[in-house]
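Notes follow the structure.
The values are calculated or read from the model by the stated rules, or taken from the named source; none is laboratory data. In this text the structure is predicted, and so the values were computed from the model without any measurement. Cβ: placed from backbone, ideal geometry, glycine included. Neighbour counts: every protein chain shown.
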Amino acid sequence: MMSVSSTTASPFGLSPMPSPRCLRKCAVRAQAGAGGADASDKSLEVMRKFSEQYARRSNTFFCSEKSVTAVVIKGLADHKDQLGAPLCPCRHYDDKAAEVAQGFWNCPCVPMRERKECHCMLFLTPDNDFAGEDQAIALEEIKDATSKM
Amino acid sequence: MAAAATCCCPAPPRSLYGGVALAAPSAAPGRRRVGYGASATRRWPCCRRWAHWPGAASRIRRPPPRPAAAATVSCAYSPGAETITACSWNEYVICSDIPVLIEFWASWCGPCRMVHRIVDEIAQEYAGRIKCYKLDTDDYPQIATSYSIERIPTVLLFKDGEKIHSITGTLPKAVYVRAIEKSI
């Protein structure tokens with residue numbers, strides 16, 4: 001959680017379009033596992049790491065259906081790119097920017113921190129019917145699940 | 001009669017216009033403007049308000065309502081729930097003669113995937129008895145806001161144009177089925 005709040009301010013969305021040459025270089029680096037290929041990959045990785053870490057810390061588990069977890073992490077990463085904070089993707093907001101500033105629904109949201117309630121089904125308590133046994137998800141899994149849509 | 005119509009204000013402008021046109025000699029358009037001058041021009045915009053009278057709706061020519069046939073045809077071929085837009089909301093939800101189930105979703109909402117599947121199944125099982133639609137809250141926020149959707153997925157059930165049931169979150173299929181059975 002600390003790591004997330006410390007990185008929220010970094011303007012991922014502002015980096016200029018990488019040139020083809022740069023992309024190739026980044027792709028090589030991504031294969032080597034040393035970071036994302038572009039801005040959205042980077043925040044996807046950040047959110048993935050955060051999710052694993054927070055699940056372990058709060059003693060919660062990912063959904064038995066991993067595609068749900070993958071989609072939510074992708075949603076958080078998208079919001080982080082667009083709005084600067086991982087706003088919960090499972091709500092409808094009149095004004096997303098205002099919600100980000102308010103902070104109530106920035107992941108981990110207040111209900112999660114206070115009562116372990118995550119209606120997005122990212123962090124499930126062990127007694128939840130949908131809870132799986134994993135507290136880890138691979139970046140490839142997320143990409144696979146989200147690329148189908 | 002035309003004179004009477006011009007005198008009392010609430011007369012429909014069509015008769016007023018006709019009356020003036022009939023009464024005024026063709027040679028004196030300029031004089032008429034001088035003669036009735038200010039008062040006439042002042043009265044015109046006022047009298048145009050006839051368009052807002054209760055009976056005026058029948059006078060305004062509207063394009064005939066689009067037949068719903070096209071929608072019915074596409075339903076027959078699509079197995080699951082259809083996508084609905086804000087434009088078609090009134091036609092497909094409010095004016096539907098069978099109960100309508102709407103799923104509010106957003107693109108990166110994980111639980112919505114599970115509800116999608118349930119709604120698709122329900123759409124097939126209850127084909128002809130209820131209609132199932134999906135609405136992307138990011139595309140049509142005004143609808144989501146007007147029905148005060150906060151958490152997604154939210155499933156609303158409409159009957160005779162009124163919201164009769166609201167189910168929020170990911171629940172077992174039986175919960176949705178029970179709500180539907182009650183409505184039909």
Does the stretch A:57-73 hold any residues that are farther than 18 Å from residue A:117 by Cβ and surrounded by fewer than 24 Cβ atoms within 10 Å (Cβ to Cβ), and which are they? A:64, A:65, A:66, A:67
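Identify, from the list A:55, A:85, A:34, the residue that is at pLDDT 95 or above, of a type outside the set (D, E, K, R) and not in a helix (DSSP H, G or I). Please lay out each step first, then the result.
On the way: A:55 fails: not in a helix (DSSP H, G or I); A:34 fails: at pLDDT 95 or above.
The conditions single out A:85.
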Restricting the stretch B:91-122 to residues that are more than 24 Å from the chain's Cα centre (by Cα) and of a type in the set (Gly, Ala, Ser), the one surrounded by the fewest Cβ atoms within 10 Å (Cβ to Cβ) turns out to be B:107
Note down all Cβ pairs under 6 Å where the first residue falls in the stretch B:165-184 and is within 13 Å of chain A (Cβ to nearest Cβ), the second is surrounded by fewer than 17 Cβ atoms within 10 Å (Cβ to Cβ), and they're at least six residues apart or on different chains. B:168/B:151
Testing residue A:145 on (1) under 16 Å from residue B:111 (Cβ atoms); (2) part of a loop (DSSP other than H, G, I, E, B), one condition comes back false. Which one is that? (2)
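Looking at residue A:101, is it modelled with pLDDT of 95 or more, part of a helix (DSSP H, G or I), more than 17 Å from the chain's Cα centre (by Cα) and aliphatic (A, V, I, L, M)? Steps first, answer last, please.
On the way: modelled with pLDDT of 95 or more: yes; part of a helix (DSSP H, G or I): yes; more than 17 Å from the chain's Cα centre (by Cα): yes; aliphatic (A, V, I, L, M): yes.
Spelling it out, residue A:101 is indeed modelled with pLDDT of 95 or more, part of a helix (DSSP H, G or I), more than 17 Å from the chain's Cα centre (by Cα) and aliphatic (A, V, I, L, M).
Residue check: is residue A:79 without any contact (Cβ under 8 Å) to a residue 24 or more places away in the chain, facing another protein chain (nearest Cβ under 10 Å) and either crowded, with 22+ Cβ neighbours inside 10 Å or more than 22 Å from residue A:41 (Cβ to Cβ) (or both)? Steps first, answer last, please.
Values: without any contact (Cβ under 8 Å) to a residue 24 or more places away in the chain: yes; facing another protein chain (nearest Cβ under 10 Å): yes; either crowded, with 22+ Cβ neighbours inside 10 Å or more than 22 Å from residue A:41 (Cβ to Cβ) (or both): yes.
Yes.
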Can you spot a residue in the stretch B:113-129 that is among the aromatic types (Phe, Trp, Tyr), more than 14 Å from chain A (Cβ to nearest Cβ), free of Cβ contacts under 8 Å to residues at least 60 places away in the same chain and within 30 Å of residue A:74 (Cβ to Cβ)? no
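If you go through the stretch A:122-135, how many residues are surrounded by 13 or more Cβ atoms within 10 Å (Cβ to Cβ) and away from chain B (no Cβ under 14 Å)? If you could, list the steps in order and put the result at the bottom.
Initial filter on the stretch A:122-135 (surrounded by 13 or more Cβ atoms within 10 Å (Cβ to Cβ)): A:122-125, A:128, A:130-132, A:134-135.
Filter again for away from chain B (no Cβ under 14 Å), leaving A:125, A:134-135.
Adding up the residues that qualify gives 3.
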Give me the pairs: first residue in the stretch A:90-104 and of a type in the set (Lys, Arg), second residue at pLDDT below 95, beta-carbon distance under 7 Å, and six or more apart or on different chains, which are they? A:91/B:150; A:91/B:151; A:91/B:152
Spot the failing condition for residue B:73; the list is (1) modelled with pLDDT of 50 or more; (2) exposed (fewer than 13 other Cβ atoms within 10 Å of the Cβ), and only one is missed. (1)
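Restricting the search to the stretch B:151-170, which residues are crowded, with 17+ Cβ neighbours inside 10 Å and closer than 22 Å to residue A:119 by Cα?
The initial filter retains those residues of the stretch B:151-170 that are crowded, with 17+ Cβ neighbours inside 10 Å, namely B:152-159, B:165, B:167, B:170.
Those that are crowded, with 17+ Cβ neighbours inside 10 Å and closer than 22 Å to residue A:119 by Cα: B:152, B:153, B:154, B:155, B:156, B:157, B:165, B:167, B:170.
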